[in-house]
1. Run the simple label-point estimate for SER202 and THR2 please: 7 Å along Cα→C-beta, distance reported in nm.
2. Gain in length, ASP239 to SER310, computed as 0.36 nm per residue apart minus the alpha-carbon separation, to one decimal in nm?
3. Would you kindly state how much longer the chain becomes between GLU100 and THR39 on full extension, computed as 0.36 nm times their sequence separation minus their alpha carbon distance, in nm to one decimal?
4. Per-residue counts of other Cβ atoms within 10 Å, averaged by peptide: what ranking do you get for 265-272, 208-215, highest first?
5. For the stretch 16-114, what does the equivalent ellipsoid look like in terms of its semi-axes, each the square root of 5 times an eigenvalue of the Cα gyration tensor, given largest first in whole Å?
6. Once both labels are modelled 7 Å past Cα along the beta-carbon direction, what's the SER303-ASP273 spacing in nm?
7. Which one, SER298, SER320, SER52, has the greatest fluctuation when you compute a Gaussian network model over the chain with C-alpha springs under 10 angstrom?
8. By counting other Cβ atoms within 10 Å of each Cβ, how are ILE163, ILE253 ranked from fewest to most?
Amino acid sequence: MTVIDRSAPIYVAGHRGLVGSAIVRHLEAEGFDNILTATREQVDLRSQAEVSHWFKANRPRYVMLVAGTVGGILANSTRPAEFIYDNMMIHGTVVHAAHEVGTEKLLYLGSSCIYPRHATQPITEDQLLTGPLESTNEWYAIAKIAGIKLCQAYRRQYGSDFISAMPTNLYGPGDNFDLASSHVIPALIRKFHDARVEAERSGGSNRVEVWGTGSAFREFLHVDDLARACLFLLENYSDDSHINVGTGIDLSIRELAETVQRIVNPEAELVWDTSKPDGTPRKLLDVTRLRELGWEPSIDLESGLADTYSWFLNEVASGSETLRGFDRAAAPR
Ligand code: GFB
């Protein structure tokens, strides 16, 4: 157990993203009153000189390293250079700068894609580096694995209390709704929403194209649950090994599409685009270690999806700038 001083400076790297914004909300709700953030314009996290300079000026006692270039299956397979370079650099610069200023505790966030494509399900932490990776996201996965190893190396050589958490697929308010780069949940919400709006407007077809065969299985965690888990781990976890963060429950992409359909657009006709990849057949995390520490998720998928859709509708209605990737021409007036 680490006693975390809520008035000490805590830096959230990546505060504008899905995860970072949820962590900032949660820290504020938990009484943290010295939350540090830096925009991309202020600090290029890929530059060691800029990051070290910022750390020396701000000296965070704690760091939540949740910044990175992220995206869904298509973005991962079409932009491999950005995914490996940006992420490897960001992990390296932030971990090193935290070491330079003597940051007391750092939490690094990885991803469930670090595990082998054919890992035994549910996936225990010790399956890391036991087999080949899924090809659609191996670039991102390699960078994420390097991040785990960085934290371990700094712990071993310098005694730094740097920990790694591996979340399952995430979703929630603040997600990216750009169809070329988003993950499946925001993509489905937007596709079902746009199809309904268009059908109501033009009286035309109400068809929604879903990628792949629908047979892949995924586990989803609401980002507000992840934010709770990150603070919980900062306070209760201090181990060399990374730790899985998930719900322990998965479903097929077909079942997911039907659930989003029920919430957003029950009349829609679903069409499967099998020219698009399914990706990893299944990646259900074994969350025994996290459960044994005493942490449980609190938001079930159906209510999490409904909550995310209401957030999306509010953003559309308010013309918010934070709704990434949404074409306002298709928004209801
Ligand atoms: O969310 P997603 O892009 O990420 O795709 P991954 C999950 C599944 O949903 C795949 C299917 O089987 C997709 O084919 N899918 C169906 C769709 N329709 C759509 C759609 O309209 N958009 C998208 N994006 N998918 C990512 C990795 O893998 O997961 C990253 O590429 C990272 O490295 C992240 O680990 C959590 O689960 O396949």
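1. The answer from the label model is 5.3 nm.
2. Numbers: separation 71, 0.36 × 71 = 25.56 nm, distance 3.82 nm.
Working it through step by step, the gained length comes to 21.7 nm.
3. Details: separation 61, 0.36 × 61 = 21.96 nm, distance 2.11 nm.
Extra length from GLU100 to THR39 when fully extended: 19.8 nm.
4. On the way: 265-272: 14.8, 208-215: 17.6.
Highest-to-lowest ranking by the protection proxy: 208-215, 265-272.
5. On the way: eigenvalues 108, 61, 28 Å².
Over the Cα atoms of the stretch 16-114, the semi-axes work out to 23, 17, 12 Å.
6. About 3.4 nm separates the two model spin labels.
7. Maximum among the listed residues: SER320.
8. Taking fewest neighbouring Cβ atoms as first place, the list is ILE253, ILE163.
None of the figures in this text is laboratory data; all of them are computed from the coordinates on show. Only a predicted model underlies this, so the values are computations on that prediction, with no experimental measurement involved. For neighbour counting, all protein chains shown are included, and Cβ atoms are generated from backbone atoms with ideal geometry for every residue, glycine included.
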